[in-house]
């Protein structure tokens, strides 16, 4: 371990320097002692004392060196143990953090994989939707297929509002008395009557009008308005028949964008349709209109049942009066019987009291009276 080795080298050099200093000090003391002794003692004593002093100094230096080495070794061992303990703690902490980070990274990676799989699914759906849109565009380029698309959309809305196979409420491809065939009719009760619905899909004129790259947008707008008015005139003349249908009809636009365009920017078309008694509806407004008609039908049916219930309540009132008369007669009869029962109960109590009084009379008293 690099830290332990550095520390060992440091302590080793430090111990050597201390030893040198101590030895120098002892030598200095020795010299001073020798000088002092030369003044007071003779040479023999000096030699003896120097020998003893040298021996003591060597012994003390050896003991001191041993103690220093032992202390330095103990300090080094303690420091080494502490460093090992700290390094182990750091290692455990690092491993714990690595495990936590690995777990978080694993979760993040798993989440990223899930998101990528969802993105792949969404991409597949987008590709499929793009294919469907391309196929839908190819279908809507033909007028006949656009008409079929409008009829299918109209039937889908009718089924969602009224339910499947409700011939008593609506019917598809209904032939009127003038020979025209309406896409759908609604058999609404009076005062509404028969309401015809016809689907129109002026897609080409609309696209030419809203296309920013159109060479002449003003001409395209005029053509769009002209075609819309032609559709309104056709519906007003074919599907509003006095005595057979109601005095109004519905023009259904299968595309919500076309309906929004007409309502937002072409008020003259709305006014023209209003004067012809033709109501222009998109998918959303047609659902609202049909829902309103459904509520009216239910209310009329409810009114019919209300009349029946009212009639039954009137008949029930007659029967209840008859029941009350008979109950009054029965009550009077019960009251008479109750009075008779009460009288009989009173008489019974009296008779019982008489018998009790007779039973309490003593025999001697009866004999005495007889004498």
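The values are calculated or read from the model by the stated rules, or taken from the named source; none is laboratory data. Since this is a predicted model, take the numbers as computed values, not measurements. Virtual Cβ from ideal backbone geometry, glycine too; neighbours counted across all protein chains shown.
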Take the conditions at pLDDT 80 or above and touching a strand residue (DSSP E or B) at 6+ places or on another chain (Cβ under 8 Å) and apply them to residue 209. Does it pass? no
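Tell me which residues, restricted to the stretch 236-262, are without any contact (Cβ under 8 Å) to a residue 40 or more places away in the chain and in contact with a strand residue (DSSP E or B) (Cβ under 8 Å, 6 or more places away or on another chain). Break it down into steps so the answer makes sense when it comes.
If we filter the stretch 236-262 for residues that are without any contact (Cβ under 8 Å) to a residue 40 or more places away in the chain, which is where we start, we get 237, 242-243, 247, 256, 259-260, 262.
Passing the criteria: 259, 262.
Okay, residues lined up against (1) within 27 Å of residue 186 (Cβ to Cβ); (2) without any contact (Cβ under 8 Å) to a residue 40 or more places away in the chain; (3) in contact with a strand residue (DSSP E or B) (Cβ under 7 Å, 6 or more places away or on another chain):
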| position | (1), (2), (3) |
| --- | --- |
| 278 | yes, no, yes |
| 298 | yes, yes, no |
| 317 | no, yes, no |
| 321 | no, yes, no |
| 330 | no, yes, no |
| 338 | no, yes, no |
| 357 | no, yes, no |
Which listed residue is out of contact with any helix residue (DSSP H, G or I) (no Cβ under 9 Å at 6 or more places or on another chain), loosely packed, with under 15 Cβ neighbours inside 10 Å and under 30 Å from residue 182 (Cβ atoms), from 307, 298: 298
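Within the stretch 234-254, which residues are part of a helix (DSSP H, G or I) and surrounded by 14 or more Cβ atoms within 10 Å (Cβ to Cβ)? Let's see the steps before the verdict.
Within the stretch 234-254, the first condition is being part of a helix (DSSP H, G or I), and the residues that meet it are 234-238.
Scanning the stretch 234-254 gives 234, 235, 236, 238.
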